[in-house]
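Take a look at the structure below.
The values are calculated or read from the model by the stated rules, or taken from the named source; none is laboratory data. The structure displayed is predicted, hence computed values, not measured ones. Heads up, the Cβs are rebuilt from the backbone with ideal geometry, glycines too, and the neighbour counts pull from every protein chain shown. Heavy atoms of the whole protein, side chains included, go into the accessibility calculation; ligands, DNA and RNA do not. Shrake-Rupley method; radii C 1.70, N 1.55, O 1.52, S 1.80 Å.
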Amino acid sequence: MIAADDFEAYDTSHLAVLAIFAIGIVAVVLAGRARRGTPAAAAASRAGAVAVAAVTIPLQVLQFTPDEWNLNTSLPLQLCDLAWMVAVHALWTGNRTTATITWLWGLTLTMQGMLTPDLSSPFPEPRFLMFWAMHVLIIWAGFWLVPGLGIGPTWRTYRRAVAATLVWLVGVYAFNVAAGTNYGYVNRKPQRASALDLLPEWPWYVAVEIVVLTVVWALLVLPWALRHPRSGEPETSPAPGR
């Protein structure tokens, strides 16, 4: 068992999680492509939705217990707290908009959280398990849905993803101001090292993030949009078994 007094980035536990994560990406993409267009795809997706919820909900509820409660971290207001819910919806329904949001949020913001984690709890504390289970499963879900099952993003779902992110940004900023918290790091940079350290101080780093993300997300959508230039694909993927 890996144990430590405090989590340290790129220690044994962190590297082990990243290794499992990388192997899992290959596995879920190959599994998704093998099942694409078959009745097994819908069943596997719904099993994945149940698995994400089964892992995440109990660990999130645990944060509201007296020993774990902390106003600054326990509320489900981080983008990843919403991303796992969006991923569950996408897996269960095959909805193209929520699949796009899962894909874009996962490959950028959730991935950043994995590479520069703002985490103090070591393995196997509940916060450690919740943090990594949530982040890994969100990104795996995106790879399963998009390159795996082929539920590709369109410019329409891209615009919806950007709009949803801006709504979250405004809402969480207002809550942070009222409660003195810093969910999403939209009011100040995290204390631990992160990619935000490369950007100017608040509020300019938020503006830079918005511009960079909209451009990067457009590049992530572009290959799929080029395959379907008329963007005539249905909102819900014609998943097997429907």
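Descriptive notes on the structure:
- Condition check for Val206: aliphatic (A, V, I, L, M), open to solvent by 40 Å² or more (accessible area, probe 1.4 Å), modelled with pLDDT of 85 or more and outside any loop (DSSP other than H, G, I, E, B): no
- In summary, Leu91 fulfils each of the numbered conditions (1) open to solvent by less than 40 Å² (accessible area, probe 1.4 Å); (2) of a type in the set (A, V, I, L, M, F, W, C); (3) under 13 Å from the mean Cα position of the chain (by Cα) with the single exception of condition (3).
- Among the candidates Thr157, Thr165, the residue that is closer than 19 Å to Gly113 by Cα, hydroxyl-bearing (Ser, Thr, Tyr) and open to solvent by less than 40 Å² (accessible area, probe 1.4 Å) is uniquely Thr165.
- The requirement of being in contact (Cβ under 8 Å) with a residue 40 or more places away in the chain and hydroxyl-bearing (Ser, Thr, Tyr) is fulfilled nowhere in region 167-178; no residue meets it.
- Within region 9-50, the residues that satisfy the criterion of being crowded, with 16+ Cβ neighbours inside 10 Å and aliphatic (A, V, I, L, M) are Val17, Ile25, Val28, Val29, Ala31, Ala41, Ala42, Ala44, Ala49.
- If the condition is being at pLDDT 85 or above and more than 11 Å from the chain's Cα centre (by Cα), then region 101-116 contributes only Leu115.
- Total residues in region 48-93, condition in contact with a Pro (Cβ under 8 Å, 6 or more places away or on another chain) and closer than 25 Å to Val162 by Cα: 1
- Some residue of region 174-190 being modelled with pLDDT under 90 and assigned to a helix (DSSP H, G or I): no
- When residues of region 51-72 are limited to those that are β-branched (Val, Ile, Thr) and without any contact (Cβ under 8 Å) to a residue 40 or more places away in the chain, the one least open to solvent (accessible area, probe 1.4 Å): Thr65
- Those residues of region 98-132 which are β-branched (Val, Ile, Thr), open to solvent by 10 Å² or more (accessible area, probe 1.4 Å) and over 17 Å from Ser194 (Cα atoms), in sequence order: Thr98, Ile101
- In region 124-135, the residues that are at positive phi never reach a residue that is assigned to a helix (DSSP H, G or I) with C-beta atoms less than 8 angstrom apart, at least six apart or across chains.
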